[in-house]
Amino acid sequence: MSDDRPSAAAPADAGETGGNASIWRRIWHFFTRPSTRWAAGTLTAFGIVLGILFWGGFNWAMELTNTESFCISCHEMESNVYREYRNTIHYSNRSGVRAICSDCHVPKEWIHKVVRKVKASKELFYHFTGEIDTAKKFEAKRMQLAKDVWYAMKTTDSRECRNCHNFTFMDLAVQEPRAAERHTEAARQGKTCIDCHRGIAHRLPEGALQVDLEQLVLEREGGAATVARE
């Protein structure tokens, strides 16, 4: 006569599942039940202090990753684009005002800054996998990297450039006649800085000036090339 009773393993599995559910239930109860040991004011003050420490630490990390020393801590940057940048007017000029990496590549507005930081995390992939750990490898990807920057600047109306440069702040009377004419025309046509100033801080890849930025946006977005005016 066969024994149709369930095996002992079944209750054990059910008990294990129930145990896991019970653990999560206890954890949820711990964080949601009213405290019988601490006053509400104490818990509120503790939460505020923790919030301040977290927020301070987060902003400290954000600012640390904006420093020039952090940007060139990877030899890919120090050995390539940083050395090129040191020979440009953004590094040394008659006014003594220097634009560092983050001035040109990181937004000032908080939300845009966080988005940029998240996107920049892919650069860690290139670093740890050795994708651009030599000058030869970097050169092979120079056009791709340049297009990434051009695309970002084209679609944000060269937002980071405008931290220092803005058509409405320009005194055209003190500019060279040709520069004043070009800036007047660019403002009238709705052009943005990167339309005319590619290669202002880094060496251009071969064929860079033949890249149509409007077409680049079309290719990447599959729609109308639009510029976000802010």
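The table below gives the values:
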{"read-out": "Single unsatisfied condition, GLY130 versus (1) touching a residue at least 12 places away in the same chain (Cβ under 8 Å); (2) out of contact with any helix residue (DSSP H, G or I) (no Cβ under 7 Å at 6 or more places or on another chain)", "value": "(1)"}
{"read-out": "Residue in the range 117-135 that is under 17 Å from the mean Cα position of the chain (by Cα) and either outside the structural domain of ASN66 (by TED's automatic domain parsing) or of a type in the set (Asp, Glu) (or both) present", "value": "yes"}
{"read-out": "Positions within the range 69-108 being out of contact with any Lys or Arg (no Cβ under 7 Å at 6 or more places or on another chain), of a type in the set (D, E, K, R) and surrounded by fewer than 15 Cβ atoms within 10 Å (Cβ to Cβ), in sequence order", "value": "GLU78, ARG83, ARG86, ARG94, ARG98, LYS108"}
{"read-out": "Failed item, numbered, when LYS119 is tested on (1) in a helix (DSSP H, G or I); (2) surrounded by 12 or more Cβ atoms within 10 Å (Cβ to Cβ)", "value": "(2)"}
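The values are calculated or read from the model by the stated rules, or taken from the named source; none is laboratory data. Predicted model, so just to flag it, every value in this text is computed and none were measured. Glycine gets a Cβ as well: all are built from the backbone with ideal geometry, and neighbour counts include every protein chain shown.
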